[in-house]
Amino acid sequence: MLLFVGCVMETSSAILILTPILLPIAMELGIEPIHFGIIVVMNLEIGMITPPLGLNLFVASGMSGMSVVGVAKAALPSALVLLAALALVTFVPFFATAFVGS
């Protein structure tokens, strides 16, 4: 759900709308707030480079002069690496909370 929201909505607005709804649910499931915040931000940012509506694809297309499809193809390896990092952070909370002292 968060990846889809990241595709169609700007990140700051999505965080302001979704956090009050999803944070109590996440805390009820035993997810630490910092871990949850990192998961949300990573999902939304990956959504920003994911076709068909990722806003950053259109920005990069305008700046580079490439087509949106060309930018999407060029961004695909980065998106795959980010998805792997998201899976690692989501399922191994140590990677998200190791540096904050929790």
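The values are calculated or read from the model by the stated rules, or taken from the named source; none is laboratory data. Please read these numbers as outputs of a predicted model, since none were measured by experiment. Ideal geometry is used to build each Cβ from the backbone, glycine not excepted, and the neighbour counts take in all protein chains shown. These area figures cover heavy atoms from the full protein model, side chains too; ligands, DNA and RNA do not enter into them. Shrake-Rupley method; radii C 1.70, N 1.55, O 1.52, S 1.80 Å.
From the set of residues in the stretch 1-15 that are of a type in the set (V, I, T) and open to solvent by less than 60 Å² (accessible area, probe 1.4 Å), which is modelled with the highest pLDDT?
I15
Would a scan of the stretch 33-47 turn up a residue that is at pLDDT 90 or above, in contact with a Ser or Thr (Cβ under 7 Å, 6 or more places away or on another chain) and over 19 Å from A79 (Cα atoms)?
yes
Does the stretch 16-42 hold any residues that are open to solvent by less than 40 Å² (accessible area, probe 1.4 Å) and in contact (Cβ under 8 Å) with a residue 40 or more places away in the chain, and which are they?
Passing the criteria: H35, I39.
Restricting attention to the stretch 43-102, which residues are open to solvent by less than 50 Å² (accessible area, probe 1.4 Å) and assigned to a loop (DSSP other than H, G, I, E, B)? Give the steps one after another, and end with the answer.
Taking the stretch 43-102 as the starting set, the residues that turn out to be open to solvent by less than 50 Å² (accessible area, probe 1.4 Å) are 43-44, 46-50, 54, 57, 60-61, 68, 70-72, 75, 79, 85-87, 89-90, 96-98.
The answer is I49, T50, G54, A98.
Suppose we filter the stretch 25-42 for residues that are among the small types (G, A, S) and not in a helix (DSSP H, G or I); how many remain? Break it down into steps so the answer makes sense when it comes.
Within the stretch 25-42, the first condition is being among the small types (G, A, S), and the residues that meet it are 26, 30, 37.
The next check asks that each one be not in a helix (DSSP H, G or I); those that pass are 30.
Total satisfying the criteria: 1.
Against the definition (modelled with pLDDT of 90 or more, in a helix (DSSP H, G or I) and either farther than 20 Å from P77 by Cα or touching a Phe, Trp or Tyr at 6+ places or on another chain (Cβ under 7 Å) (or both)), how does L22 come out, yes or no? So that I can check it myself, show each step before the final result.
Values: modelled with pLDDT of 90 or more: yes; in a helix (DSSP H, G or I): yes; either farther than 20 Å from P77 by Cα or touching a Phe, Trp or Tyr at 6+ places or on another chain (Cβ under 7 Å) (or both): yes.
The answer is yes for L22.
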